[in-house]
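Q: The structure that follows is given in the form of C-alpha cells.
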Amino acid sequence: MTAVFGGALLMLAAWLVEALFGYPDWLYRRIRHPVAWLGAMIDGLDRMLNRPRLGHALRYVLGMAASVAVVALAACAGATVSVLLPASAAGFWAEAVIASSLICSRSLHVHIAAVSGPLAAGDLAGARVALAHVVGRETAELPPEGVARAALESLAESTSDGVVAPLFWGVVFGLPGLAAYKAVNTLDSMIGHRNARYAAFGGFAARLDDAANFIPARLTGLLIAAAGLSPRGFAVMWRDARRHRSLNAGWPESAAAGVLGVRLSGPRSYGGAESAEPWLNARAGDPGPADLQSGLVLYRKALFLAALLLLGISVLHQYAVP
C-alpha cells in the first residue's frame, strides 16, 4: 500500500507538470519523444521478425516475445531512473518531470480543440484536416456531425488510454508501471491490428492492451458519468458499453454519449472499407459543434475528479504512513 500511496503523489506531480507545460517542442526537436523511441524499437522488431513465410503460430510466438521484450525494457528503464535519482525533493520532481512525458492530457485537449474551433466556425474542411491527425478513419468526406462524432469518440477513448490508464499504472507501480503501460499501448497502436499482416504477430500485443486497459477504461467511464452529474451517463454506459467492438473503449464512449445526449460509434470507413458498428445511445441525435465543445468541458471536469482522487489517495498516505 505504501508504494500505491507514494505512486499517487508522484503521478499527481507528474500530471501537474504535464498539464502546465506539456512536452516542449524544443525538446522534441532535440531528442524526440519516449513514445517515438518505443515506436522505433517496435518498428525494427516488426521488420525483423514479422515474416509471412514463417506461418501463423510462429509469428504469434515471435510477436509475443517482441512485445514482452519491449514492455520489459520500458519497465527496466523506468526502474533504473527511479533507483538512480536521489531520495530528495529534487529527485522526486526530476522523476515527476520524466513521468510527465508519458501522460498526454494537455496534448489531447489541444488536438480536439483544433477540431472543435474550425467546426464551430463553419470551416468543415479545416475541421476534417485537424481530425485526420487524431483518428485513423477516413475524414475527407465526413459531414459536420461525423466530424463531431469521431472527435468525441477519440476524446473519450483517449481519456482512458492516454490519461487515466497511465496514471492508474503509475499509481500502482510508479514510473516503471507507467513506462510499461506506455509500451503496451504503443505496441497495440502499431501492431495490434486485425489484418493480414498483424493478426498473428500483433495478436498478443492486442490482448495485452485489452488487459492493461480493463480497469482504467471502466474507471474512466465512471469519471465521465460522474462529471456529467447525470444518471443518464451511468445508464447508457451500463446498457451499451458491451455493444462496442472494443472490450474497453465502449465504457468511456457510452458514458460520454449518455451525458451529452448524443449517439456515438456507428458505421465508419477505414482505408476504403466500410465497418458496420453498432450505435451507442442509438435513440439520441447526432452530435454537432456545440456538443463537441461540451465534450471538452466534460473532459476537463472528469480530469478534475481524477485529480481529486489522486489528491485524496496522497492525503491518506500522509496519515497512513509514519
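Q: List, please: which pairs have Cβ atoms under 7 Å, are six or more places apart or on different chains, and start with a residue in the range 305-322 that is within 13 Å of G170 (Cβ to Cβ) and end with one that is at pLDDT below 85?
A: So the pair list comes out as I313/F5; S314/F5.
Q: Against the definition (free of Cβ contacts under 8 Å to residues at least 12 places away in the same chain, at negative phi and either assigned to a helix (DSSP H, G or I) or β-branched (V, I, T) (or both)), how does V61 come out, yes or no?
A: Details: free of Cβ contacts under 8 Å to residues at least 12 places away in the same chain: yes; at negative phi: yes; either assigned to a helix (DSSP H, G or I) or β-branched (V, I, T) (or both): yes.
So V61 fits the description; yes.
Q: Now for a separate question. In this structure, does L10 turn out to be in a helix (DSSP H, G or I), within 30 Å of L131 (Cβ to Cβ), touching a helix residue (DSSP H, G or I) at 6+ places or on another chain (Cβ under 8 Å) and not charged (D, E, K, R)? I'd like the intermediate steps shown before the answer.
A: On the way: in a helix (DSSP H, G or I): yes; within 30 Å of L131 (Cβ to Cβ): no; touching a helix residue (DSSP H, G or I) at 6+ places or on another chain (Cβ under 8 Å): yes; not charged (D, E, K, R): yes.
It is false that L10 is in a helix (DSSP H, G or I), within 30 Å of L131 (Cβ to Cβ), touching a helix residue (DSSP H, G or I) at 6+ places or on another chain (Cβ under 8 Å) and not charged (D, E, K, R).
Q: Listed residues V236, V262; which is among the β-branched types (V, I, T) and touching an Asp or Glu at 6+ places or on another chain (Cβ under 6 Å)? So that I can check it myself, show each step before the final result.
A: Numbers: V236 fails: touching an Asp or Glu at 6+ places or on another chain (Cβ under 6 Å).
Going through V236, V262 in turn, the sole match is V262.
Q: Separate question: Quick check on the range 244-271: of everything there that is hydroxyl-bearing (S, T, Y) and modelled with pLDDT under 95, which residue is surrounded by the most Cβ atoms within 10 Å (Cβ to Cβ)? I'd like the intermediate steps shown before the answer.
A: The initial filter retains those residues of the range 244-271 that are hydroxyl-bearing (S, T, Y), namely 246, 254, 265, 269-270.
Then drop every residue that is not modelled with pLDDT under 95, which leaves 246, 265, 269-270.
Working: S246: 16, S265: 23, S269: 15, Y270: 13.
The qualifying residue surrounded by the most Cβ atoms within 10 Å (Cβ to Cβ) is S265.
Q: A further question follows. Do we have V81 as part of a helix (DSSP H, G or I), in contact (Cβ under 8 Å) with a residue 12 or more places away in the chain and either under 20 Å from M190 (Cα atoms) or over 21 Å from the mean Cα position of the chain (by Cα) (or both) here?
A: Details: part of a helix (DSSP H, G or I): yes; in contact (Cβ under 8 Å) with a residue 12 or more places away in the chain: yes; either under 20 Å from M190 (Cα atoms) or over 21 Å from the mean Cα position of the chain (by Cα) (or both): yes.
It is true that V81 is part of a helix (DSSP H, G or I), in contact (Cβ under 8 Å) with a residue 12 or more places away in the chain and either under 20 Å from M190 (Cα atoms) or over 21 Å from the mean Cα position of the chain (by Cα) (or both).
Q: Right, another one. I need the full set of residues from the range 216-241 which are more than 19 Å from L296 (Cβ to Cβ) and under 19 Å from the mean Cα position of the chain (by Cα), in order please.
A: Once the filter is applied, which keeps residues that are more than 19 Å from L296 (Cβ to Cβ) and under 19 Å from the mean Cα position of the chain (by Cα), the range 216-241 yields P216, A217, R218, L219, L222, M237, A241.
Q: Of everything in the range 157-173 that's farther than 17 Å from E18 by Cα and over 9 Å from the mean Cα position of the chain (by Cα), which residue is surrounded by the fewest Cβ atoms within 10 Å (Cβ to Cβ)? Lay out the reasoning, then the answer.
A: Quick first cut of the range 157-173, residues farther than 17 Å from E18 by Cα only: 157, 172-173.
Within this subset, residues satisfying the condition of being over 9 Å from the mean Cα position of the chain (by Cα) are 172-173.
Details: V172: 16, F173: 19.
So, considering only residues that are farther than 17 Å from E18 by Cα and over 9 Å from the mean Cα position of the chain (by Cα), the one surrounded by the fewest Cβ atoms within 10 Å (Cβ to Cβ) is V172.
Q: Can you go through D210, D286, D188 and tell me which one is in contact with a Leu (Cβ under 6 Å, 6 or more places away or on another chain) and in contact (Cβ under 8 Å) with a residue 12 or more places away in the chain?
A: The unique qualifying residue is D210.
Q: Could you check R59 against (1) more than 18 Å from P176 (Cα to Cα); (2) of a type outside the set (S, T, Y); (3) surrounded by fewer than 18 Cβ atoms within 10 Å (Cβ to Cβ) and say which number it fails?
A: Among (1) more than 18 Å from P176 (Cα to Cα); (2) of a type outside the set (S, T, Y); (3) surrounded by fewer than 18 Cβ atoms within 10 Å (Cβ to Cβ), the lone unmet condition for R59 is (3).
Q: Same structure again: Of everything in the range 240-257, what is over 16 Å from G192 (Cβ atoms) and polar (S, T, N, Q)? Give them in sequence order.
A: Once the filter is applied, which keeps residues that are over 16 Å from G192 (Cβ atoms) and polar (S, T, N, Q), the range 240-257 yields only S254.
Q: Further question: When both residues are 6+ apart or on different chains and their Cβ atoms are under 7 Å apart, which pairs have a first residue that lies in the range 143-163 and is in contact (Cβ under 8 Å) with a residue 12 or more places away in the chain, and a second that is surrounded by fewer than 24 Cβ atoms within 10 Å (Cβ to Cβ) and of a type in the set (K, R)?
A: V147/R128; A150/R137
Q: Conditions: (1) under 21 Å from V147 (Cβ atoms); (2) crowded, with 19+ Cβ neighbours inside 10 Å; (3) among the aliphatic types (A, V, I, L, M). A282 meets all but one. Number of the miss?
A: The one condition A282 does not meet is (2).
Q: I'd like to check something: does the range 37-50 contain any residue that is surrounded by 12 or more Cβ atoms within 10 Å (Cβ to Cβ), among the small types (G, A, S) and either assigned to a helix (DSSP H, G or I) or out of contact with any strand residue (DSSP E or B) (no Cβ under 6 Å at 6 or more places or on another chain) (or both)?
A: Within the range 37-50, the first condition is being surrounded by 12 or more Cβ atoms within 10 Å (Cβ to Cβ), and the residues that meet it are 37-39, 41-43, 45-46, 49-50.
This time we only want the ones that are among the small types (G, A, S), so: 39.
Still in the list and also either assigned to a helix (DSSP H, G or I) or out of contact with any strand residue (DSSP E or B) (no Cβ under 6 Å at 6 or more places or on another chain) (or both): 39.
Yes, the range 37-50 contains a residue that is surrounded by 12 or more Cβ atoms within 10 Å (Cβ to Cβ), among the small types (G, A, S) and either assigned to a helix (DSSP H, G or I) or out of contact with any strand residue (DSSP E or B) (no Cβ under 6 Å at 6 or more places or on another chain) (or both).
Q: Follow-up question, since we're still on this one. Give the residue that is surrounded by the fewest Cβ atoms within 10 Å (Cβ to Cβ), with candidates limited to residues of the range 137-156 that are hydrophobic (A, V, I, L, M, F, W, C) and outside any helix (DSSP H, G or I). Before the answer, list the steps.
A: The first filter runs over the range 137-156 and keeps only residues hydrophobic (A, V, I, L, M, F, W, C), leaving 140, 142, 147-148, 150-152, 155-156.
Subset that is outside any helix (DSSP H, G or I): 140, 142.
On the way: A140: 10, L142: 22.
Step by step, filter the range 137-156, then rank; the result is A140.
Q: Looking at this structure, is L108 in a helix (DSSP H, G or I), at pLDDT 95 or above and over 21 Å from L219 (Cα atoms)? Even if it seems obvious, please write down each step before you answer.
A: On the way: in a helix (DSSP H, G or I): yes; at pLDDT 95 or above: yes; over 21 Å from L219 (Cα atoms): no.
So L108 does not fit the description; no.
The values are calculated or read from the model by the stated rules, or taken from the named source; none is laboratory data. Just so you know, these numbers come straight off a predicted model, no measurement behind them. Note: ideal-geometry Cβ built from the backbone for every residue, glycine included; neighbour counts use all protein chains shown.
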